Amino acid sequence: MQDHNKTALGDKIFKGSTAFFAAGIAVIFIAMIVVLWQQSQPSIKAFGLSFLTSMEWNPVTRKFGALIPVAGTLISTFIALFFAIPISIGIAIFLAELAPQWLRGPFGTAIELLAAIPSIVYGMWGLFVLSPVMANYVQPWLKHWLGFIPLFSGHGMGIGMLTAGLVLTLMIIPFISSVIRDVFLMVPQPLKESAYGLGCTNWEVVRDIMIPYGRKGIAGAVFLGMGRALGETMAVTFVIGNSYHLSWSLFAPGNSIASTLANEFTEADGQLYMSSLVELGLVLFLITFVVLGLAQLWLRSKEV
Amino acid sequence: MIIRRRKLVNASVLTVSCLAAFGGLFVLIWILADVVLKGAGAINWSFFSQLPTPPGMSGGGLANAIVGTFLMTGTAVIIAVPFGIMAGTYLAEFGDNLLGRVARFLSDILVSAPSIVIGVFIYLVMVKTMGHFSGWAGAVSLAIIMLPVVSRTTEEMLKLIGPEMRESALALGAPYWRMMSGVIFRAAGPGIGTGVMLAVARVAGETAPLLFTSLNSPYWMHSMNEPMANLTVVMFNYAMSPYDDWHTKAWGAALLITSAVLIVNIFTRLILGGKRRR
């Protein structure tokens, strides 16, 4: 009897201590939001909602508005998604349908290894290798053929919004493509075979069977990549140009929330400057929380 | 006519998807080739054994940064691994309730959350209250990044262990915690170990959370309680500097970290891949 009690006590301690640490994860998460919220109070009180709509970011006059970094974060992310979604679907089709069986494993690993390269290496590569290529070949070419569109006007210097978006594209492709591949592999074989039996081509099977069947998973994959791109710091900081200008041209340098933090946080003097930077961080955290939360909901519902 | 068009569309889509796949491979090789070609010149004995020199002076190395990266990553492992394994155990064994669902959801978000915001958070709670940058603060921010990776891997690995092992241990009269520690953790050990290795590989290349927690330092560290040099922040400072010699050293550091991270990734994939096939 006594032995039984001991057992029950041991199990209670075991369950209780694991629960303590599981709750710890939630506590860290909530503490992050609370601390960021508290520390951004001076800035919230000083600027209110105009923080999000003002384009002025001037440490000298103590006026802080987040519109340019927020817009830069969104623009660079949308450039990245614009290129990464079709390329990732292409890679997923290749890995799930086209490649011979023996090639699928190694090829999938190679694509996933792109995600393992540290982001600072992407940043250095973007600055020293990709930017000169952009400035010397890609941007003059785009300007020559598409220069009448404001997006491709102006003088390309290599670094800028477009280059940042392209580096982000490379960084999120492995995340999006490997999730979409897994989604494609979960489409029931009979569905695909019936479509092939009706005479559908590979592309028609993908378009009419696999993509509709896995649309929630694909949406989850896209939002996962989007969350990654929104918060990416080092790679963007190297190539975005770090300038407080909003321009129609994608060649122009800009700024993102994460690169603003990386560049200015240690140099911020004064409570208001620091607190505005913290509020920027809070804005970024909340945006990614919503995006990644949606991604999780969609990826989960796929499993059921 | 329609059939021909359908075939044409199909052929072009398939061609594009092959191009996309080989394009991805091409970029991987392109980046790795640049890292090796530009970084190999920096790797020599003094790179590993000497302190950085002031700009303009040639020679010197990044010995303190290499040690700093090891110290902070190691400390992060000591904090995050027990924490993560315990949390993951709860998620796997008792996690089918509100706490489990919330913790799992937040872990999944924390895995992809912007690491620079974690740096800001640790700056506010540790650096600001302690009054100075420190290796401890850097280690804690790395630990927060590792934590959700470790807990989710632990959960998945524990769930892979079949009910037979659990039932035989319980049938012998073992209490639940004895079953876990004596049987289940042992069976899941290699899987959890590879998960930890992947988490280490992930934080070893992190820069953003260290920028304003551990900062950087050109000297040897005397304790974890002071600003501490580390490879990634050194890479950032050196790559942004105007000196060619520093650029070369930054590429050398990039080569060091990238090769370590990729080796761990390939290795763990081989181990996990072999397991899955079995």
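The values are calculated or read from the model by the stated rules, or taken from the named source; none is laboratory data. From a predicted model like this one, the values you see are computed outputs, not experimental measurements. Glycine also receives a Cβ, built like all others from the backbone with ideal geometry; neighbour counts cover every protein chain displayed. Calculation scope for accessible area: heavy atoms of the full protein, side chains included, ligands and nucleic acids excluded. Shrake-Rupley method; radii C 1.70, N 1.55, O 1.52, S 1.80 Å.
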- Task: First obtain the Kirkwood hydrodynamic radius of region B:45-277 from its Cα pairs, then insert it into the Stokes-Einstein equation at 10 °C and 1.306 mPa s, and state the resulting D in µm² per second as a whole number.
- Result: 82
- Query: Given charges of +1 on the Cβ of Lys and Arg and -1 on the Cβ of Asp and Glu, with all other atoms neutral, how large is the dipole of chain B about its Cα centre, in debye to the nearest 20?
  - Reply: 1220
- Query: Say R0 is 22 Å: what FRET efficiency, to the nearest 0.05, do B:Phe70 and B:Val36 get from their beta-carbon distance?
  - Reply: 0.45
- Query: Expressed as a rounded percentage, what relative contact order does chain A have, with Cα pairs under 8 Å and six or more residues apart?
  - Reply: 27
- Task: Pop the C-beta distance of B:Ser181 and B:Ile29 into the FRET formula with R0 = 41 Å and round what comes out to the nearest 0.05.
- Result: 0.35
- Under unit Cβ charges (Lys, Arg +1; Asp, Glu -1), what dipole magnitude, rounded to 20 debye, does the protein assembly as shown have relative to its Cα centre? 1280
- The long-range amide H neighbours of A:Trp57, using H built 1.01 Å from N in the peptide plane and a cut-off of under 5 Å, are A:Gly65
- Item | Leading residue at positive end of dipole, region A:202-279 (Cβ point charges), from A:Met226, A:Leu261, A:Ile240 | A:Met226
- Message: Please list, ordered by chain and number, the residues whose modelled amide H lies under 5 Å from the amide H of B:Thr53; skip anything fewer than 5 residues away on the same chain.
- Response: B:Gly61
- Per residue, in Å², the accessible surface of region A:68-303 once ligands and nucleic acids are set aside, probe 1.4 Å: 37
- Item | Charge dipole of the protein assembly as shown about the Cα centre (unit charges at C-beta), most positive-ward option of B:Leu71, B:Val120, A:Gln139 | A:Gln139
- Query: Can you pull the accessible area of B:Met130 for me, 1.4 Å probe, Å² to the nearest 10?
  - Reply: 70
- Query: aspartates and glutamates within cross-link reach of A:Lys15: Cα-Cα under 17 Å, excluding same-chain residues under 8 positions apart?
  - Reply: B:Glu93, B:Asp96, B:Glu155
- Task: Mind checking the per residue accessible area of region B:45-277 for me, 1.4 Å probe, whole number of Å²?
- Result: 40
- Message: Can you tell me, using C-alpha contacts under 8 Å and at least 6 residues apart, the relative contact order of chain B as a whole percent?
- Response: 26
- Chains B and A: what accessible area do they bury, summed, in square angstrom to the nearest 100, with a 1.4 Å probe? 7200
- Task: Summarise the accessible area of the protein assembly as shown (1.4 Å probe, protein heavy atoms) by the percent that is carbon and sulfur.
- Result: 69
- Message: I need the phi-derived Karplus couplings for region A:35-41: 6.51 cos²θ - 1.76 cosθ + 1.60, θ = phi - 60°, integer Hz, Gly and Pro marked x.
- Response: 5, 4, 5, 4, 6, 9, 3
- Query: At a 1.4 Å probe, which residues in region A:25-60 are at least 30 Å² less accessible with all protein chains present than in their chain isolated?
  - Reply: A:Ile25, A:Ala26, A:Ile28, A:Phe29, A:Met32, A:Val35, A:Leu36, A:Gln39
- With 0.36 nm assigned to each residue of separation and the Cα-Cα distance removed, A:His245 to A:Val129 gains 39.3 nm
- Message: Starting from the Kirkwood Rh over alpha-carbon pairs, what translational D in µm² s⁻¹ does chain A have by Stokes-Einstein at 25 °C and 0.890 mPa s?
- Response: 111
- In deg cm²/dmol, rounded to 500, what helix-only [θ] at 222 nm does the protein assembly as shown give when every DSSP H run of at least 4 residues adds -39500 (n - 2.57) and the total is split over its residues? -23500 deg cm²/dmol
- First select every other residue whose beta carbon is under 15 angstrom from the beta carbon of B:Phe236; then total the charges, Lys and Arg +1, Asp and Glu -1. -3
- Task: Would you mind calculating the relative contact order of region B:136-208 from Cα pairs under 8 angstrom and at least 6 residues apart, reporting the percent as a whole number?
- Result: 48
- Note on the structure: Taking the chain alone as reference and the full protein assembly as comparison, with a 1.4 Å probe on protein heavy atoms only, the residues of region A:115-138 that lose at least 20 Å² of accessible area are A:Ala116, A:Ile117, A:Pro118, A:Ile120, A:Val121, A:Met124, A:Trp125, A:Phe128, A:Val129
- Query: Put +1 on the Cβ of every Lys and Arg and -1 on every Asp and Glu Cβ in region B:45-277; which of B:Ala204, B:Thr248, B:Tyr90 then has its Cα farthest towards the positive end of the dipole?
  - Reply: B:Tyr90
